[in-house]
Amino acid sequence: MTYQKYQKNLITVIIIAILIFLIVLYIGNLKLMDVVSGGEMFFANWVGARTFLVNGFSPYTQESLYQIQQQNALSGFNFSFDGWHSAEPLYGLLIYFPFLLIKSFTHAFAAWLAFNEILLFFTFWLLYRVVEWKGSRIIFVFAAITIIFWKSIIDVLISGSNAILILFALIAVLYTLKFNMDELAGVLLAIVSIKIHLLWLPIIFILVYTAIQGKRKTSIWFLASILLISVSLMLLDPGWIKGYFVSLLTVILGNADSVVNASSFTQLFNDQYFSYFSKGLGTIFLSFGVRLGNVFSILIAILMIIEWFSIQKRDFKGVLWLFSLTMIISTWIGVNDKSALFIFYLPVFILSLSLIYDRWQEKGYLIYWILPLLILVINWMVFSTGMNAIMLVFGFYPLLFFVILYWIRWWALSRNYLVYEWKNL
């Protein structure tokens, strides 16, 4: 057998194996749906996209909401869409178009689950390259498996949210910036902007970083991509931009704790305007806890800005540390419920584990096995309590990662370990 024929047969076998795997994954998801009811977020966007294409109803109108509620009732699902508003730009619906070809919601959602599960695999592969993992691959796979079973990730997956796709795009942005693919980074960052109401702070950080590094093409392609797709969609719905901003403001203004509802500066320190951390402290210390939480949010924002001033002095792994810090601080700055934001702690933990290995190497063998399991248990303890334990969700959990990052920074810099080096050293 010639080498060319052997290579051709090998490719054929690989393609067949991939097809069999996809079929098994798809059938497995169908079986999963018989056991676990979910897909509320996917259902809303799937019906909204179909309604937009067939009937021409903008996803930001009451007509679109009525269609979603009607389909929900006719299909016999128990989803609740009372007061639901689309807080994502119209181009966010484009990612659902391939699934519109499947008329059955059950089969469409099974395909969506398979798509997101595959994206999770590639997300870990990109992270492996981005953090320059130097430890054992077995440990990395073990850490990845424990992360997949985080309750916060399972909830996002089962709900049908597009957060996993946005997570993949965000990690891909870091990957392309690391390997100087600036134009592609800009396009991918435009995809991340689908969830700009959650990720506005990390997006700003990336734009600041690219500006300081002279990567102007990233910013240009980011803005050009958004402008091009926005103008193109105006041919289908001329008023979608206005509708999007009205819907987004409705979500923000509808929150009684929104900063825009403050009538005076002093009132900012008497209500939970800055974050859910303030509300969490308020459940324990009442009004004093709220004021304390607001002060904490302001101080943490100042800390973040101070840290950002060192971007130019960091190597790329140091920049990843700053990115991780920004992601955590995003939880404490703002007024909206950011439960979906916790899926973006995935790269924070992988980076932390990578930096710990850079420091301890084989000496920390037990840490690499125990820490992923510990985080897995903590994640289930925190996110199984629901919003009644708001201090665990918006207080203890992000604070845990905050402490890990600063613990890493302390021994990495003060003890001169070059896992987090300064360019000038």
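The values are calculated or read from the model by the stated rules, or taken from the named source; none is laboratory data. Just so it is clear, the structure is predicted and the values come from calculations on it, not from any experiment. Neighbour counts are summed over all protein chains in view; Cβ atoms, including those assigned to glycine, are modelled from backbone coordinates with ideal geometry. Only protein heavy atoms, including side chains, enter the accessible area calculation; ligands, DNA and RNA are left aside. Shrake-Rupley method; radii C 1.70, N 1.55, O 1.52, S 1.80 Å.
Across region 399-407, coupling constants 3J(HN,Hα) worked out from phi with the 6.51/-1.76/1.60 Karplus curve, θ = phi - 60°, read 5, 4, 5, 4, 5, 4, 4, 6, 5 Hz, and Gly and Pro carry x. For region 94-184, with all protein chains in place and a probe radius of 1.4 Å, 72% of the accessible heavy-atom surface sits on carbon or sulfur.
Here the Debye sum runs over all C-alpha atoms of region 12-65 as equal scatterers in vacuum, and log10 of I(q)/I(0) at q = 0.13 Å⁻¹ comes out as -0.56. Would you mind checking which residues have amide H under 5 Å from T61's amide H? H placed 1.01 Å from N; only 5 or more apart, or other chain. Answer set, sorted by chain and number: none.
Could you sort the peptides 57-70, 366-379 by per-residue average Cβ neighbour count (10 Å cutoff), highest mean leading? Don't jump to the answer; show the numbers that get you there.
Working: 57-70: 18.7, 366-379: 15.9.
For the peptides 57-70, 366-379, the packing ranking is 57-70, 366-379.
In a fully extended conformation the segment linking I229 and I14 would gain 73.8 nm over its present Cα-Cα distance, using 0.36 nm per residue. Residues considered: L355, L165, L32. Largest GNM mean-square fluctuation over the chain, using C-alpha springs under 10 Å, is found at L32. Under 5 Å between amide hydrogens, built in the peptide plane, is the criterion, and for R314 it picks out K423 among residues at least 5 positions away or on other chains. Overall dimensions of the chain, expressed as equivalent-ellipsoid semi-axes from the Cα gyration tensor (√(5λ), whole Å, largest first), are 33, 31, 23. Along region 127-138 the Karplus relation, 6.51 cos²θ - 1.76 cosθ + 1.60 evaluated at θ = phi - 60°, assigns HN-Hα couplings of 5, 4, 7, 5, 7, 6, 4, 10, x, 5, 5, 5 Hz to successive residues, with x for each Gly and Pro. Taking the Cα centre of the chain as origin and assigning +1 to Lys and Arg Cβ atoms and -1 to Asp and Glu Cβ atoms, the resulting dipole is close to 1160 debye. Per-residue accessible area (protein heavy atoms, 1.4 Å probe) orders V13, V156, V54 as V54, V13, V156, starting from the largest. Take region 272-407 with all the other protein chains still there, run a 1.4 Å probe, and you get 39 Å² of accessible area per residue.
The tail of the calculated P(r) for region 58-177 beyond 24 Å holds 40 percent of all Cα-Cα pairs.
The phi-based Karplus calculation (6.51 cos²θ - 1.76 cosθ + 1.60; θ = phi - 60°) puts the 3J(HN,Hα) values of region 362-373 at 5, 5, x, 3, 5, 4, 5, 9, 7, 4, x, 5 Hz, whole numbers, x for Gly and Pro.
Pick from S136, S247, S275: which is most flexible by mean-square fluctuation in a GNM of the chain where alpha carbon atoms under 10 Å apart are linked? Of S136, S247, S275, the most mobile in the Gaussian network model is S136.
Using a cut-off of 27 Å between alpha-carbon atoms, which lysines can reach K279, once sequence neighbours fewer than 8 places away in the same chain are excluded? Correct list for K279: K151, K195, K338. Computed extension length for I145-E132: 2.8 nm, one decimal, from 0.36 nm per residue of separation with the Cα-Cα distance subtracted. A straight chain from Y66 to L53 at 0.36 nm per residue would run longer than the Cα-Cα distance by 3.1 nm.
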